Every structure is written in structure tokens, then in C-alpha cells.
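**Q** Dropping the structure in here first, questions after.
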Amino acid sequence: MDKYTLKKEISKKIYEQKKQNKKIGFVPTMGALHNGHLSLIKKCKAENDICVVSIFVNPTQFNDKNDLEKYPRTLNADLEKIQNFCDFVFVPDENEIYDTPDNRVFDFGNLDKVMEGKHRAGHFKGVAQVVSLLFDIITPDKAYFGKKDFQQLAIIKKLVKDYNYNIDIIPCDIIREESGLAMSSRNERLNPELRKNASEIYKTLKKSLDYINIKDPEQLTKYVINTINKNSDITVEYYDIVDDNTLKPIKKWDESKNITGCIAAYTGGVRLIDNIKYK
């Protein structure tokens, strides 16, 4: 595994690989890597000649300064975890990524105005900034993203379409802890008791599948929120049942062929997200 910190160096290396007709796969991360990240990286390695991983905690996508400061940084451990599955790792600093002002205005229509976009002002602008800059540097053939960040995946697909990137976006299944809790770097900030309690989020989402023939989407939304909020350690920020493509709320189950429920909740001051596929 070769490590790079400068854009020009990794771009040159990838250009050399492409001249040999090598296919480039890319997994962008913010570090604090867990088995969810590793599943993306292993899939990337299996499906491409060259697997590239970036590790960069992107400041522009944090709407909460405290969240940015508390985000776990475990670079040495991260490098050790991926050394057998990654060919090139890109570890830039902030000045390397944002060496010139980026005043682009992104238009994602409704996609960035609901759920995460509604509660995290500027978040998806920061995501679009960093992902597009990384795409320009790495120029991958395929890029891998986890389905846990359901709305982010929709935003990135729109970004690729709008900016005419010749990149296949590969969605990857959520990897869960034994308790059912979706793996997240933020889980490391939870003590064992809170981590155990946080599993109630997915347990409730999974249970909600039993009621789709009994409750309409509005009733099911209330059920999920009320059930989770009964746990004194968890507070739901939002739960929305939406069309997969437009992210618009669903009022009747027959409105769409592809429907997902998306949640954000706080426990111990840590914000967690998850989702469940209804159809």
C-alpha cells in the first residue's frame, strides 16, 4: 500500500495506472474505520485493478463545530486495517484539498432540503465540495458508498449526473453490529450502556416492517418515533418515510415502488442515522 498526501503525486500515479488500462476503484472516508468501511474497501478491491482509499475529515460538511472537534481520528490504526486491501491511500490535509476558494453553488432540487439537509444547514454543500474535488483528483471508474448514508447517496448520484462524471456509483449494504446497530465511526463515542440502548433504533425499524399492511405511512412514522422515544436515552430528531428517488414523504404505500424510512436520533449527545427499506 502506497501512501500519498499531495494531489499531484497521487494523480500522477493513477494516470500511470490508467495508461496500462487499469480500472480504478475509490472509497472516500473520514477515517475512524470500522468493518462497514472495510466491507466497501474489500468490494472495491475485488471489482477493480486498483483500490484507492482517501482518509480526510472534511470540515465543510460539519454544521456543528463541536461535532467536528469530537470526530474520532485514528489514522495509524486506520492505515493498519486497510494495508492488505488497499493499493493507494490518500491522506491530505485541509490546505491540500481546499488550496483555492470553492464558491460553487450546487443545485440538488429537493434532495438536500429534507431530512439531513433540513437539520444540518450546509452539510450537503460540504459533501458535494469534497466528493467532487476527490473525484477530480482520483478520477475513478467506480466509487463505493454505504447505504447507511441514504440521502448522501442520492445527492452523490445527482452530482455525478449533473457534472457529467464518468463514474459508476456503487451502493453498499449497511453493516451492523451484533446488536443491530448500524456501524458508524460515531459509535466509538458511546459508552457500553448507551451503545447497547442505541440498538433499539434498528430493532424498532425492523419491527415496523410488521405493520406496513396495518398502518399508513403517517401512522407508522408516529409508531417509530413514539416507540424509540420511550427509551429515555434516545431522542428522535426525525423519522421520514420517503420515495427513494425524490426523497419526498410518502402518504400512501401505493405512491411509489421504492420506499425507505430514514431516521436520525441522539443518544448521549451523539447523533446516529439509519434507515430501513419498505419496498
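**Q** Roughly how many whole Å is it from the C-alpha centroid of segment 125-146 to that of segment 174-195?
**A** Each part reduced to its Cα centre gives a spacing of 26 Å.
**Q** Taking the chain as a Gaussian network, Cα atoms linked when under 10 Å apart, which of Y163, Y239, Y15 shows the biggest mean-square fluctuation?
**A** The residue that fluctuates most here is Y163.
**Q** Okay, next question. Exposure proxy check: V127, V52, V57 ranked by fewest other beta carbons within 10 Å?
**A** V57, V127, V52
**Q** Just to confirm a number: summing +1 for Lys and Arg and -1 for Asp and Glu over residues other than F108 whose beta-carbon lies under 12 angstrom from that of F108, what do you get?
**A** Net charge around F108: +1.
**Q** Right, another one. Calculate how steeply helix 217-229 sits against the longest principal axis of the alpha-carbon atoms of the chain, using the helix alpha-carbon long axis, and give the answer as 0 to 90 degrees to the nearest 10.
**A** 80 degrees
**Q** Let me spell out the model: positive unit charges on the Cβ of Lys and Arg, negative unit charges on the Cβ of Asp and Glu, origin at the Cα centre of the chain. What dipole size does that give, in debye rounded to 20?
**A** 480 debye
**Q** Over the chain, what relative contact order in percent results from Cα pairs under 8 Å that are six or more residues apart?
**A** Value for the chain: 18 percent.
**Q** Hey, got the dipole for segment 76-195? About the Cα centre, +1 on K and R Cβ, -1 on D and E Cβ, debye to the nearest 20?
**A** The dipole of segment 76-195 has a size of about 660 debye.
**Q** Separate question: In which sequence would L153, L111, L40 go, from the one with the fewest C-beta neighbours within 10 Å to the one with the most?
**A** Fewest-to-most ranking of L153, L111, L40: L153, L111, L40.
**Q** Still on this structure, please answer the following. Which value, in debye to the nearest 20, describes the size of the charge dipole of segment 158-200 about its Cα centre when Lys and Arg Cβ atoms bear +1, Asp and Glu Cβ atoms bear -1, and nothing else is charged?
**A** 160 debye
**Q** Looking at the chain, send over the antiparallel percent of its DSSP beta bridges, to the nearest 5.
**A** That works out to approximately 50 percent antiparallel.
**Q** Using Cα atoms only, what is the angle between the long axis of helix 150-162 and the major principal axis of the chain, expressed in degrees (0 to 90) to the nearest 10?
**A** Tilt relative to the chain: about 50 degrees.
**Q** Also, I was wondering about something else. Regarding segment 166-279, what whole-number volume in Å³ per residue does the convex hull of its Cα atoms give?
**A** Taking the convex hull of the Cα positions in segment 166-279, it is 117 Å³ per residue.
**Q** Another question, then. Counting alpha carbon pairs within less than 8 Å and at least 6 residues apart, what relative contact order, in whole percent, applies to segment 185-274?
**A** After rounding, I find 29 percent.
**Q** Identify which of D233, D210, D67 has the largest mean-square fluctuation in a Gaussian network model of the chain, with springs joining Cα atoms closer than 10 Å.
**A** Highest fluctuation of the listed residues: D210.
**Q** Could you check the simple spin-label distance between R73 and Q219, using points 7 Å along Cα→Cβ, in nm with one decimal?
**A** 5.1 nm
**Q** From the residues P28, M183, L6, which one has its Cα farthest along the dipole of the chain in the positive direction, the dipole being from +1 and -1 charges on Cβ of Lys/Arg and Asp/Glu about the Cα centre?
**A** Ranked along the dipole, the leading option is M183.
**Q** Let me ask something additional. Using only Cα atoms and rounding to the nearest 10 degrees, what angle (0 to 90) does helix 192-208 make with the longest principal axis of the chain?
**A** Value to nearest ten degrees: 70.
**Q** Using the count of nearby Cβ atoms within 10 Å as a rough guide to exposure, how do F26, F88 rank from fewest to most?
**A** F88, F26
**Q** Using R₀ = 22 Å, calculate the FRET efficiency as 1/(1 + (r/R₀)^6) where r is the Cβ-Cβ separation of Y98 and Y15; round to 0.05.
**A** The calculated FRET efficiency here is 0.45.
**Q** For L6, put the label point 7 Å out on the Cα→Cβ axis and report which residues of segment 78-118 keep their amide N under 14 Å from it.
**A** Residues 91-93, 96-97 qualify, since their backbone N sits under 14 Å from the label point.
**Q** When the Cα centres of segment 218-247 and segment 9-75 are compared, how far apart do they sit, in Å?
**A** 31 Å
Here, each number is a calculation from the coordinates, and none is a lab measurement. Computed from a predicted structure; not experimentally measured. Positions of Cβ are generated from backbone atoms using ideal geometry, with glycine treated the same way; all protein chains shown enter the neighbour counts.
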